[in-house]
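Each remark here refers to the structure printed beneath this line.
The values are calculated or read from the model by the stated rules, or taken from the named source; none is laboratory data. Note that the coordinates shown come from a computational prediction; the quantities given were computed from them, not determined experimentally. Reconstructed Cβ throughout: ideal geometry from the backbone, glycine too, with neighbour counts over all protein chains shown. The area values use the complete protein model at the heavy-atom level, side chains included, leaving out ligands, DNA and RNA. Shrake-Rupley method; radii C 1.70, N 1.55, O 1.52, S 1.80 Å.
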Amino acid sequence: MKEGRTHKKFQKFGMVIDLDKCTGCGSCMVACMAENNVPFRKDESNKLLSITWMRVYKLTNGMPFPKIDVCYLPRPCMQCEGQHEGHSPCVSVCPAIATDYSMESGIVSQIYTRCFGCRYCMASCPYHARYFNWWDPIWPDGMEKYLSPNVSPRMRGVVEKCSFCFHRYQLAKDRAFMEGRPELQEDEYQTACTQACPAGAITFGDLNNPKHTVSKMAEPDPKHSGRPKNPNAFRLLERLGTNPKVYYLSSREWVRRAGDNYLKNEKKVKKPVHHG
Amino acid sequence: MKIGRRGFLSFVIGGAAGTALSPLPWKMMDDSSIWTQMWPWTPVPEDGEASYVNSVCTLCSGHCGITVRKIDNRAVKIEGMKGHPVNNGGMCLLGLSGLQLLYGPMRVKTPLKRTGKRGQGQWKKISWNDAVSEVVEKLRDIRSEGNPQTVGFISGSDRGTVSRLFDRFLTAYGSPNFMRMPSVRDSYELTQYLMQGVQALPGFDFENADFIVSFGSGIIDGWGSPVRMSRVHSAWQSADVKVIQIEPRLSNTAAKSDKWIPINPGTEAALAMGLAHVIVKESLYDAAFVKNYVEGFFDWKNRVIDKYNPDTVASITGIDRGTIVVLARGFANASKPLAVCGRGNGTTPVSLDECMAVNALNALVGNINKKGGVWAVSEPNYINWPEIEMDAKAAAGLQHERLDGAGSKTYPFTRYLLPRLPETIDSGEKFPLQALFVSGANPLYTHPDTRAVRNAFDKIPLVVSFSSYMDETAQNADLILPNHVYLERYEDVPTPAGMIQPVIGLSRPVVAPQFDTRHVGDVVIQMAKGLGGSVAKTFPWDSYDSCLKETLGDLWNFLMEEGFWSNTGAMPPFFGTSYETASGKFELINKDTGSIPQFKPVSIEGDEKDYPLLLIPYDSIRLACGFIGDPPFVMKTVEDSVLKGKDVFVELNPKTARNQGLREGQRVVLTTPKGKAEVKVHLFEGIMPGLVALPRGLGHTAWDEYLAGKGINFNALIGPVEDPDSGLDAAWGIRAKLEKA
Ligand code: SF4
Ligand code: SF4
Ligand code: SF4
């Protein structure tokens, strides 16, 4: 199937998360679980086993009382683009093509039925965004009634991760198609976490569309693999070159600094470089 | 995929024009590969017609508007209602997990009658008819013995038609013992009554304030209407509003504020008085407001100047003098300053001193009933029912004093004092309470000193729970008459906690009742009818739904259409004339009661020698600690530094740990005068040395296996401390010790 006749320009869906606004409330985590039929178990306190496509991390500045400061950082899948389009760390290692980079949307997919559970992708993902189903999901009797038909429940032995609520994109695209519109409006496709966040901390949209709020907020620099021009914006582990599509905003320097691995004696957070 | 009728038609036409343009074929291929290869043992959710129902979430007093997505007759997702004045599309994580409560294993599926001993969990199913007649018979006996006052009702709320039906039932029956669950609203109500002469809801115009001093209020930790507060907090970030958070522990609110000022726990009122001292002394107060509308200023001023100079206050609160002075000036010089109290998520009261002192600060800067200030919000007045029919028995019963002492000579103006009930029952005559009904509340979990509460319950011959879930109170009841859950029933939902604009929401059935449950409003009406006579006459309605429809009148159609009514242009009562006190002014000193904003330490239980540390609770929005417990999704969000396996962590400053010889992750026994429990140590620089912090919301013994048996219930380790001025529970902590396990 030839793409692109209805979507001439490639889109690059991305997120900007304002850490000044984020309260660490966890609504995004639960909205995601409810939207995507994420399973749960009796004990979810082992966080290596707990499947949370969106996970909110707690960061501290490491200072003693009373100078200590805390900041929360929600982590979906970064939908890494890599240095060449589609060269995401996870996609490039999957032997089964079970995870793929969509040129049309910039979303890294996960096709459960193809995944045979080698977990290479988990090892290669620097953001721990991928989770393995060590068990089949079990819903207590009657609870499977709330399962959404838009997202297939996963089975034991496969890897899963945040999809930027891809099914919502499909639904929005179908709707637009049926109404004869070639392009999606900004608010037509929004992820479940964005929609639920009580603080309005998450903004979602097409980073390739200068009219979309995400591009205005992050000011991605296409000449430098999307590095943000906004001095308050940063991406996680920028220096790895994964070229993530999730940007963070913070007015606190220590938070921006926490976004990357700095050497102890490295003093200053490098401001984004502006070349012409 | 949803194709509505119209969508389908245009699809067909579009199809004729050129299927080649369709992105659908490849999408269908993608989908079908997923669907057809499904492993047979994982459920395949059935597809169907999608639809949406608007309703209101009543899992807390936040009252957010919700839009529930359905596939055929299944509810598949709860989302925030766009355009709703409270949450405008946002939702808290508890509200988002509502379907796990609807379809969850903790539901009580039919009326149950206890067969074994109380709390043993042995039940038999009984029919609704038998259940209701059993209750009616018992009530008839009690009444004919002339003891109607020995029947009590504990309700999560006292607002809206359902709670008013409970109250009405008790009044017609002859008992004054209707009790509402405690919260900081108790303190505010009393404060507004004593200082402003009004019975109203406390409302806070946070949206228009520009300098917030919060005395430990967990603004983003669940205080007030949580989603509204989140939205307010984000607006503050954009508008550069200053937020000063005063509390002994770095809560999320403190971390997000512009300045966190750690304070010795329990000394908040002293700080408020210290701020007042600086404001008065430096003449920073709103002179016009004070001159024209405030009574008792000069007497109070002298006391404030005399007793609360910054040095004295510094030594009480542990906050240095300079900080106090700067804070006072910043507050008084801001254009719209606002001070607020109510620790954590606001579900525990504060002492009258503290609330009055904070309200006095607001009066000093003249922000009572003004834009950006604290309002006395009146309840929308839509419940106008015929007068209650009262026979001689009812009249006689109502002569008795309330068992909790509210409205008595000692506490004449406090409306509810539930925490005092266990003691009264324990020390009273044989059966001061012969029957107790509980609805929308879980006192056996949420009340301080759970063991004492349980002992008191053991002395009540009949305990009836209306809970939809197998919570601690239901588990220890004699009869459970399960209500529909909020997604299965109609109910009017009044103004959310702390809002300034009146809102009436309509909670409505999103799905048909899943089990053999019954609307509690219907059960009360049936009980009244069963009793006959004047009680029955007081309930002229056939059903709760018809009562609600009739009560709402024209509003019913409006609410069915819109989901909520709200007065967006609501104005505060005029600040100059809105006082119904003896002087017609805002009274800093209430002459009748002698109440005056001041600081008297609330002495907590335990002595320092045996218990060198102080245990305080903390609230997190990820741990529901009210009548609802965390559903499985919410449990997933609890960090592993809070709960690991079945162990809860107490937070300890590394300094404290060093002094006690404890390290991270160590298992210890936490002992207070009220109880002991095994916990683990988590070192946290965000807590004052000498304190131990334990989260509320864990340690359930009932509910389901996703929640029960994990961690410790804070309420098992603390008891209430009676505020001598109001009778309210003013405990802010308890002395404690830690020993290696
Ligand atoms: S829902 Fe919003 S405020 Fe809450 S944790 Fe997620 S991003 Fe932060
Ligand atoms: S965050 Fe991890 S899973 Fe997501 S695209 Fe990057 S490497 Fe892959
Ligand atoms: S804040 Fe309260 S009312 Fe709003 S969604 Fe959460 S539980 Fe429901």
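Remarks
- Our coupling estimate for the range B:616-622, obtained by passing each phi through the Karplus curve with A = 6.51, B = -1.76, C = 1.60 and θ = phi - 60°, is 10, x, 9, 10, 10, 5, 7 Hz, Gly and Pro reported as x.
- Sites residue B:459 and residue B:333 - FRET efficiency at Förster radius 60 Å, r taken between beta-carbons, to 0.05: 0.60
- Annotation: per residue accessible area for chain B equals 36 Å², rounded to a whole number [probe 1.4 Å, protein chains only].
- Given R0 = 22 Å, the distance between the Cβ atoms of residue B:516 and residue B:115 translates into a calculated FRET efficiency of 0.75.
- Surface share of carbon and sulfur [accessible, 1.4 angstrom probe, percent] for the protein assembly as shown: 51 percent
- Farthest toward the positive end of the dipole of chain B, out of B:234, B:362, B:294, is the Cα of B:234, where the dipole comes from beta carbon charges about the Cα centre.
- Top positive-direction residue, dipole computed over the range B:613-740 with Cβ charges, set B:709, B:645, B:623: B:645
- The range B:45-120-the range B:218-235 distance, computed between alpha-carbon centres (Å): 21 Å
- Accessible surface, per residue, of the range A:2-258 when the full set of protein chains is kept, probe 1.4 Å, Å²: 38 Å²
- For the range A:130-165, the residues whose backbone nitrogen is under 20 Å from a point 7 Å from the Cα of residue A:114, taken along Cα to Cβ, are A:130-133, A:151-165.
- Over 19 Å apart at the Cα level, from the set B:674/B:737; B:676/B:737; B:124/B:459, are B:124/B:459.
- Two-site label geometry, residue B:557 and residue A:260: point separation in nm, points 7 Å out along Cα→Cβ: 6.4 nm
- Compactness index (Cα Rg / 2.2 N^0.38 Å), the protein assembly as shown: 0.95
- Remark: the protein assembly as shown carries a charge dipole of roughly 2880 debye about the Cα centre, counting +1 on each Lys and Arg Cβ and -1 on each Asp and Glu Cβ.
- Note on residue B:400 and residue B:667: their simple-model spin labels are 4.9 nm apart, each label 7 Å out from Cα toward Cβ.
- Mean shadow area of chain B over all directions, Cα convex hull, nm²: 35.7 nm²
- For residue B:212, the shell of other residues with beta-carbons less than 13 Å away shows a net charge of -1, using +1 for Lys and Arg and -1 for Asp and Glu.
- For chain B, the relative contact order works out to 17 percent when only alpha carbon pairs closer than 8 Å and six or more residues apart are counted.
- Rh by Kirkwood over Cα pairs, then Stokes-Einstein D for the range B:613-740 at 1.567 mPa s and 4 °C, µm²/s: 86 µm²/s
- Lys/Arg +1, Asp/Glu -1 at C-beta; the range A:2-258 dipole; positive extreme among A:64, A:134, A:77: A:64
- Extending 7 Å from Cα along the Cβ direction at residue B:235 and again at residue A:185 yields two label points whose distance is 2.4 nm.
- Gained length - residue B:610 relative to residue B:536, 0.36 nm times residue gap less alpha-carbon distance: 20.9 nm
- Protection proxy ranking for B:340-351, A:202-213, using the average of other Cβ atoms within 10 Å per residue and placing the highest first: B:340-351, A:202-213.
- Its Cα centre serving as origin, chain B has a Cβ charge dipole (Lys and Arg +1, Asp and Glu -1) of approximately 1000 debye.
- Each of the peptides B:690-702, A:185-197, B:178-190 was scored by the mean count of other Cβ atoms within 10 Å over its residues; in descending order, highest first, they stand as B:178-190, B:690-702, A:185-197.
- GluC sites (Glu not before Pro) restricted to the range B:663-741 and DSSP loop, no more than 13 other C-beta within 10 Å: B:705
- Over the protein assembly as shown: helical MRE at 222 nm, DSSP H runs n ≥ 4 each giving -39500 (n - 2.57), nearest 500: -8000 deg cm²/dmol
- If you plug the beta carbon distance of residue B:591 and residue B:676 into 1/(1 + (r/R0)^6) with R0 = 41 Å, you get a FRET efficiency near 0.30.
- When the alpha-carbon atoms of the range A:2-258 are used, the pair Rg, Dmax equals 18.2, 60 angstrom.
- Contour minus Cα-Cα distance for residue A:239 and residue A:63 (0.36 nm per residue): 60.8 nm
- Dipole moment magnitude, nearest 20 debye, the range B:576-724 about Cα centre, only Lys, Arg, Asp, Glu C-beta charged: 420 debye
- Net lengthening on full extension, residue B:543/residue B:388 (0.36 nm per residue, minus Cα-Cα): 54.0 nm
- Sequence-distant contacts, meaning Cα pairs under 8 Å at least 6 residues apart, place the relative contact order of the range B:613-740 at 35 percent.
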